[in-house]
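Asks: Once you've had a glance at the structure underneath, I'll fire off some questions.
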Amino acid sequence: MTLKFLDSESPVESLAARGGGKANQLASLSRIGCSVPRWFCIPVEGFDAALFQAREESGELSAGVVALPVPNNIVELLPEALDKWNLAEDFVAVRSSGLDEDGTDHSFAGQFESYLYRRGVEEIVDAIGRCWASAFSERNVAYREAIGKSDAVPRMGVIIQRMIDSESAGVAFSRNPLDPGDRESLIVESVWGQGEAIVSGQLDSDHFIVNRRTSEYEVSVANKVTAIVQHPKGGTHEVKIEDDRAQKASLTPDEVHEIADLVLRLENAFGVPQDLEWATSAGRLFALQTRPITTLPPDAVFDEGIAGGAATIWDNSNIVESYSGVTTPLTFSHVNHAYREVYFQTCGLLGVPKSVIEEHDSTFLNMLGLIRGRIYYNLLNWYRLLSLFPLLGKSGSFMETMMGVKQSLETDLQPLFDSLVDEAPDYGFFKRVGLVVRLGVHMLGGARANELFLSRVDRVCRPMEEADLAKLSLPQQVDLYHQLLDGALKHWKAPIVNDTRCMIAFGTLKTLTEKWIARDGADEAASLQNDLLCGSGDLKSTEPMRLLLEIAAEIEGDPEVRRYLLEETPEDFWRSLQEGFAPHLKERFESYIAEYGYRCVDELKLETLDYHDRP
């Protein structure tokens, strides 16, 4: 069977299945009228033949393979192909085109090799073999493992394309990839010479933020000391740029607008945000490659018919203290449910009518968000919820104090908060008086309520602490989880009252400190307020530290135990305690674990192993 090269006139099915992602995208660019340098593509059958030949000669390929052998039939077809596409006398770029490259899920950007400024059959053949070998590079193997495709055999086409000796080159993004919430901007990055320096991160680039609607832009001009240009002997090299040009923007305003128009046209044509590689030469703009931006949220996020036109503000304020770093979806699903349940009860306790609570059910369901593995407050929904409280609805600063938000809303976001205040239920005078009386009753009965709550928690949790979870089936574990929720979480009135009491006392102290003592503003007031609270004693949260200090003093007083602890690993030391070494110390540790074994870093995350799991 005779191997046939592909180009922009080839059927779409052949380009996608045999040419690879890059070849398919180049053909698409040509079809919509973009200026694309002449090119043709060696299909994946050439790669398959080269791989078969290499394995016949050398066995399995290693990650360090430099080049695959180029089959003779491809070498023989190249001169005719170069003539056909009028590339015989031109410098060309030899570029990989993997079958799964430039896809909507994973771009494979920078994973394969490209070779620039090659001319003549011999140089091109050498570059083809090296392109194919890059599919087995350590970098590519690691990337495939990271995206779960390590078992798939890579297949690759190779593009031979006329080299553009660019005056400036770079990339353009039709959306802001670093700020997915930015709906107004597109980004253009530019350098002098070849754009490979941007793709590889080798050189600093000029940075243009362009308004998608008005085309107005802001520019940060980099100090472009060097540029990547053609080497006299082929390939590229880095050269120094004269000082006056280094400090000058590498694009004119007209060029910025032309590139912005092009990348927006591509987004409209392909239906998804685009990552475009471009180059300018002799006043002409060339599209070298385009791919979907794979790091953005789903398209629905940018569809106002689905996502709505209102902004969403994410803030991790004090929740980061409870759930720092990355959190698993399992923990988030539990936390999200717990917050919904607790604030349902809070609203009822604070006098919000049942009909109002039910009307805002979607708010309770979306008080938190999991973004790139981290938990955030959906801040506007928190404000929306707090605005329902009869005594708080009109006080924005009081809400922020409750939330622990470190700064007030920015000016451009203030109207969002104002609209929530305007939407807050308007409770009458008698409703507010009744609520004050109701809260007072709850506050006065706090001690007895606390005793009943702790007794309930102990009664619900004790059987679960004694259960051997490893011997339970998953349905049995789920049942146990729901027993815990029904027995404890649905009866959270006492902690809510305590939180309310603390919030009122803290807010009152803050107000009085600012009014009676502080003279130099809020910062001094906050400092004095903390100083006044620092002397509070009898804190339950300090008990674990006190016991640990006692155990440490006991170890320090026994030279043999101290030496053994310092010399052995924690695992060996614990094993020795279980085998009879220092029985008095074993008893102290086990007593501590029984009482406070759950107290550890990230103790609220379900995936965290506490001292019960790993002493």
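Asks: Identify all residues within segment 262-272 that are polar (S, T, N, Q) and surrounded by 21 or more Cβ atoms within 10 Å (Cβ to Cβ); write none if there are none.
Replies: none
Asks: Out of 62, 35, I need the residue that is modelled with pLDDT of 95 or more, small (Gly, Ala, Ser) and surrounded by fewer than 18 Cβ atoms within 10 Å (Cβ to Cβ). Which one?
Replies: 35
Asks: State the number of residues belonging to segment 278-337 that are modelled with pLDDT of 95 or more and touching a Gly at 6+ places or on another chain (Cβ under 7 Å).
Replies: Selection size over segment 278-337: 2.
Asks: Still on this structure: Taking segment 572-601 as the region of interest, how many residues are touching a Pro at 6+ places or on another chain (Cβ under 9 Å) and acidic (Asp, Glu)?
Replies: Number satisfying all stated conditions: 2.
Asks: So which residues in segment 432-441 are surrounded by 14 or more Cβ atoms within 10 Å (Cβ to Cβ) and either more than 15 Å from residue 346 (Cα to Cα) or not assigned by the TED database to the domain that holds residue 356 (or both), if there are any at all?
Replies: 434
Asks: Restricting the first residue to segment 542-558 and requiring it to be within 16 Å of residue 587 (Cα to Cα) and assigned by the TED database to the domain that holds residue 594, which pairs with a second residue that is basic (Lys, Arg) and outside any helix (DSSP H, G or I) meet a Cβ separation below 9 Å and a spacing of at least six or different chains?
Replies: Close Cβ pairs satisfying both conditions: 544/599.
Asks: Continuing with this model, one more query. For segment 332-383, name all the residues that are under 20 Å from residue 603 (Cα atoms) and more than 17 Å from the chain's Cα centre (by Cα).
Replies: Once the filter is applied, which keeps residues that are under 20 Å from residue 603 (Cα atoms) and more than 17 Å from the chain's Cα centre (by Cα), segment 332-383 yields 333, 334, 335, 336, 337, 338, 339, 342.
Asks: In addition: Does residue 227 satisfy the condition of being surrounded by 15 or more Cβ atoms within 10 Å (Cβ to Cβ), of a type outside the set (Lys, Arg) and under 22 Å from residue 161 (Cβ atoms)?
Replies: yes
Asks: Inspect all residues belonging to segment 251-261 and state whether any of them is outside any helix (DSSP H, G or I) and loosely packed, with under 14 Cβ neighbours inside 10 Å.
Replies: Among the residues of segment 251-261, at least one is outside any helix (DSSP H, G or I) and loosely packed, with under 14 Cβ neighbours inside 10 Å, which makes the answer yes.
Asks: Let me ask you something else. Got a sec? Which helices (runs of 4 or more DSSP H) wholly within segment 530-615 have at least 2 residues that are surrounded by 11 or more Cβ atoms within 10 Å (Cβ to Cβ) and among the small types (Gly, Ala, Ser)?
Replies: Filter on segment 530-615 gives 583-596.
Asks: Right, another one. Scan segment 134-143 and tell me whether some residue there is among the polar types (S, T, N, Q), modelled with pLDDT of 90 or more and closer than 24 Å to residue 198 by Cβ.
Replies: Within segment 134-143 (the criterion being among the polar types (S, T, N, Q), modelled with pLDDT of 90 or more and closer than 24 Å to residue 198 by Cβ), the answer is no, since none of the residues qualifies.
Asks: List every residue pair whose Cβ atoms sit under 8 Å apart, with the two residues 6 or more apart in sequence or on different chains, where the first one lies in segment 30-57 and is more than 15 Å from residue 289 (Cβ to Cβ) and in the same structural domain as residue 94 (by the TED database) and the second, anywhere, is in a loop (DSSP other than H, G, I, E, B) and charged (D, E, K, R).
Replies: 40/7; 43/4; 44/155; 47/155; 48/155
The values are calculated or read from the model by the stated rules, or taken from the named source; none is laboratory data. Since this is a predicted model, take the numbers as computed values, not measurements. So basically every Cβ, Gly included, is an ideal-geometry build from the backbone, and we count neighbours across all protein chains shown.
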